[in-house]
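**Q** First the structure, then my questions, so here it is.
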Amino acid sequence: MHQSVNAEIISIGDELLYGQIMDTNSKWLSEEMDKIGIRVVRRTTVGDDEKSLLDAFNAASRRADVILMTGGLGPTKDDLTKQLLAAYFGSSLTLFPDALEDVRRLFESRGKELTPTNRGQAYLPSNCTYIRNAVGTAPGMWFEEAGKIWMSMPGVPHEMKYLMEQEVIPRLKKAYRLPVIYHKLIRTVGIGESWLSDLISEWEEKLPDHIRLAYLPSLGEVKLRLTGFGTDQDRIASEVEEQIDRLKPLIPQYIYGYNQETLPVAIGHLLTQRGETLALAESCSGGYIAHLITGIAGSSNYFNGGIIPYHNAYKEQLLGVSGAVLLQEGAVSEATVIEMATQVREKFNASYGLSSSGIAGPGGGTEEKPVGLVWIACHNGQRCFTRKLQLTQDRTVNIHLTAVAALNLLRQTVLQQAE
């Protein structure tokens, strides 16, 4: 029988709480635990404070089977993890000869003398199993107490990862009969979370108990994560795929990809499959769409180029947008983005011309054309499709949302051509 195993991750260090260092360790640890079927139920960040650390140890022991700790193992007085673990388990710090020899060899290999301070790295709680850290001086410490497994590791990411991959994960696999956890992400664009939920509510209600759905919204997109739990990898993967087959007919126009397939990647696949090309005329998005497109390897096969005519004079001079249109309708208008998309497609001899023009903010808005007003257009050589967006007061958010909406308009235009 496979066991349901919960884990808690405790990240230790004042620098994490002050925001001086980003905690990338917890994200990586969560991903690795998920891969082997251990469910992370809590991630806790604690400063270098005795009471806070002991409180965190007590709380973790009540809700988790496995407690993974990073940080607080340096040789200086502000690093308290070893001492507090010894106190917590009612043991004492003891010299581990193997640990001392490993530290001595490491310093010797670097041409440095082992100082009394660094010698202290070899003093560990007497009840721990010493785990050799071949890439640093801070030791790993494995504890098995009261039916729980505790592992203390250095906070330096490459040292922590070495210990996890070489020692901790293999030991956890031996300690437990772990279940299979299988994830599949369904990526959607062009619809908000609540509207999406309404469309798929009946399907969601019929999901079996061992398959769970989570909504993961981000700027302009919503990811649906299906998670299956079981004992057989192939079987649970097949069951999740069956559920996705039932979902697809409900929202076919919104699904653009799966798992790691981003919107620019999906666009690249579409254009490559059809042997078609793209050209861009960006105003308010300032080249961000081109950045997303060219961030994909092989984009030179379908991206012909682009222009960023930020000033009206260059919309007219470089692109050939009508001066009368700019004067009468303004740069932020449907008529202008239609001309931008039409002209850039022709100038770059592309299958599609994609354009954007808007008021990114925070200034520049009027009552008639407020901050966040954006027009986008996509021309396929026969017809031009447009969208009007009313976005936010935040410039960075507006640029990102414009890029997502423009790429989705391109996707829809390409798919319409294929029908």
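**Q** Give the accessible surface of segment 227-322 per residue, rounded to a whole number of Å², with probe radius 1.4 Å and ligands, DNA and RNA excluded.
**A** Accessible area per residue: 49 Å².
**Q** Please sort by residue number the chymotrypsin sites (Phe, Trp or Tyr not before Pro) in segment 306-410 whose DSSP state is loop and whose Cβ has at most 16 other Cβ atoms within 10 Å. Please report the intermediate quantities before stating the final value.
**A** On the way: sites: Y310, Y314, F348, Y352, W375, F385; in loops: Y310, F348.
Taking segment 306-410 and a limit of 16 other Cβ atoms within 10 Å, the loop chymotrypsin sites (Phe, Trp or Tyr not before Pro) found are Y310.
**Q** Hey, another quick one. Run the simple label-point estimate for R177 and R63 please: 7 Å along Cα→C-beta, distance reported in nm.
**A** For the pair R177/R63, the computed spacing is 2.9 nm.
**Q** Something else: Could you provide, to the nearest whole Å², the per residue accessible area of segment 35-163 with probe 1.4 Å?
**A** Solvent-accessible surface per residue comes out at 47 Å².
**Q** Also, quick follow-up: Label points 7 Å out from Cα along the Cβ direction at Y18 and E50: separation in nm?
**A** It works out to 2.2 nm between the two label points.
**Q** Follow-up. Between D98 and E202, how high is the FRET efficiency from 1/(1 + (r/R0)^6) when r is the Cβ-Cβ distance and R₀ = 60 Å? Nearest 0.05.
**A** Efficiency at R0 = 60 Å is approximately 0.50.
**Q** Now for a different question. For segment 1-73, which chymotrypsin sites (Phe, Trp or Tyr not before Pro) pass both filters: DSSP loop (anything but H, G, I, E, B) and at most 12 other C-beta atoms within 10 Å?
**A** Y18
**Q** So, one more: Given the Cα-Cα distance of D245 and L415 and 0.36 nm per residue of separation, how much length would full extension add, in nm?
**A** 59.2 nm
**Q** Still on this structure, please answer the following. Report the rotationally averaged projected area of the chain based on its alpha-carbon convex hull, in square nanometres.
**A** Reported value for the Cα convex hull: 26.8 nm².
**Q** Going down the table (K35/K161; K77/K112; K148/K173; K315/K347), which pairs top 19 Å between alpha carbons?
**A** Where the Cα-Cα span goes over 19 Å, the pairs concerned are K77/K112.
**Q** How large a share of the accessible area of the chain, in percent, is made up of carbon and sulfur atoms when the probe is 1.4 Å and the other protein chains stay in place?
**A** 48 percent
**Q** How big is D, in µm² s⁻¹, for segment 81-166 by Stokes-Einstein at 25 °C and 0.890 mPa s if Rh is the Kirkwood radius over C-alpha pairs?
**A** 185 µm²/s
**Q** Could you work out how far the C-alpha centroid of segment 264-322 sits from that of segment 33-86, in angstrom?
**A** Measuring centre to centre over Cα atoms gives 48 Å.
**Q** For S91 and H210, compute 0.36 nm times the residue count separating them, minus their Cα-Cα distance, and round to one decimal in nm.
**A** Separation in residues times 0.36 nm, less the Cα-Cα distance, equals 38.6 nm.
**Q** What distance in nm lies between label points placed 7 Å from Cα along the C-beta direction at F385 and S238?
**A** Result for the modelled spin labels: 3.8 nm.
The values are calculated or read from the model by the stated rules, or taken from the named source; none is laboratory data. Keep in mind that this is a model prediction, so the values were computed, not measured. Methodologically, a virtual Cβ is constructed for each residue, glycine included, from the backbone with ideal geometry; neighbour enumeration extends over all protein chains shown. With ligands, DNA and RNA removed, areas are computed over all heavy atoms of the protein, side chains included. Shrake-Rupley method; radii C 1.70, N 1.55, O 1.52, S 1.80 Å.
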